Amino acid sequence: MTYLRGHWQLLALVALVFALWSTPVMVPLKILVVMLHELSHAIMALVTGGEIVSLSVNANQGGEVWTRGGNRFLTLTAGYLGSLLIGLGLLIAALRTHLDRVLMAGFGIALLVVTALYVRDLFAFGFGAGTGAIMLAVARFGSIQVNDLILRVIALTSIVYVPYDIFSDTIARSALRSDARMLAEEFGGATMMWGGLWLVISLWVIWVAVRRGLGADSNIHFGSGDTH
């Protein structure tokens, strides 16, 4: 009961995300998570000595990133696991710090920079620029509590999306042209093997992060000077 009292808002948000998962309400959040997925590929390519050619997302919640050079194995692996780490990082930062406006502004600026440098098609450009601008506006005019709540929703959507998408794209529909399929074609093994490995790792990382990162109380206290 103590755990429920300390984290009932977070549990309610998770339940809400699941309840609305297949509704139009979640589409913008899913597209944002797809952008984080593609951005994770891009970051790994850069970190391992490559370069980003272009990045795109579409209205059907798909995306792609074209890179040149870098470590191909790590770049392919980084999509799901990288977006999971981004989601968990946002969640823990929102829960344990009072830097919600700074985080929101930084997120918005990062989206605007990535969009300006690497996005070429109209839908993805409009989505990236529009989402980045909205985040900057929320950071400027929204309260700390509102920024905190939005960051939590984005983070939780990313965290939920990763294992769901891994299972859907690499196990339930292993014939799809997924990251795991490309990894299997280029480095051996089976699509389901790589997908299963990523699924186990993602669930373990989520478990460890939730167990050690939530603390005793993660609730937002609206109307007070303290966010947590």
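The values are calculated or read from the model by the stated rules, or taken from the named source; none is laboratory data. None of these values were measured; they are calculated from a predicted model. Cβ: placed from backbone, ideal geometry, glycine included. Neighbour counts: every protein chain shown.
Structural remarks
- Residue within segment 188-197 that is farther than 27 Å from L20 by Cα, touching a Lys or Arg at 6+ places or on another chain (Cβ under 6 Å) and either at pLDDT 90 or above or not in a loop (DSSP other than H, G, I, E, B) (or both) present: yes
- Applying a threshold of 6 Å to beta carbon distances and a minimum spacing of six or more residues, or different chains, the list of pairs starting in segment 198-226 at a residue that is at pLDDT 75 or above and ending at one that is not in a helix (DSSP H, G or I) and not polar (S, T, N, Q) is empty.
- Top-ranked residue in segment 97-138 [being more than 15 Å from the chain's Cα centre (by Cα) and of a type in the set (F, W, Y); ranked as nearest to M35 (Cα to Cα)]: F127
- When residues in segment 140-164 are screened for being buried (at least 22 other Cβ atoms within 10 Å of the Cβ) and more than 20 Å from A12 (Cβ to Cβ), 1 of them pass.
- Pair list, Cβ under 7 Å, 6 or more apart: segment 114-142 residue closer than 19 Å to I52 by Cβ and in contact (Cβ under 8 Å) with a residue 24 or more places away in the chain, other residue of a type in the set (V, I, T) and surrounded by 15 or more Cβ atoms within 10 Å (Cβ to Cβ): Y118/I52; A124/V57; F127/I31; F127/V57; G128/V114; G128/T115; G128/V119; G132/T115
- In the set (1) aliphatic (A, V, I, L, M); (2) more than 17 Å from T131 (Cα to Cα); (3) assigned to a helix (DSSP H, G or I), A110 fails one condition alone, (2).
- Of all residue pairs spaced 6 or more apart or on separate chains, none has beta-carbon atoms under 7 Å together with a first member in segment 101-113 that is at pLDDT 95 or above and a second member that is aromatic (F, W, Y) and in a helix (DSSP H, G or I).
- L84, sole failed condition from (1) touching a Leu at 6+ places or on another chain (Cβ under 7 Å); (2) closer than 27 Å to G215 by Cα; (3) surrounded by 23 or more Cβ atoms within 10 Å (Cβ to Cβ): (1)
- A count restricted to segment 198-219 and to residues that are among the charged types (D, E, K, R) and either within 18 Å of V162 (Cβ to Cβ) or part of a helix (DSSP H, G or I) (or both) stands at 2.
- Whichever residue in segment 165-187 is of a type outside the set (D, E, K, R) and crowded, with 19+ Cβ neighbours inside 10 Å and, among such residues, is farthest from the chain's Cα centre (by Cα): A184
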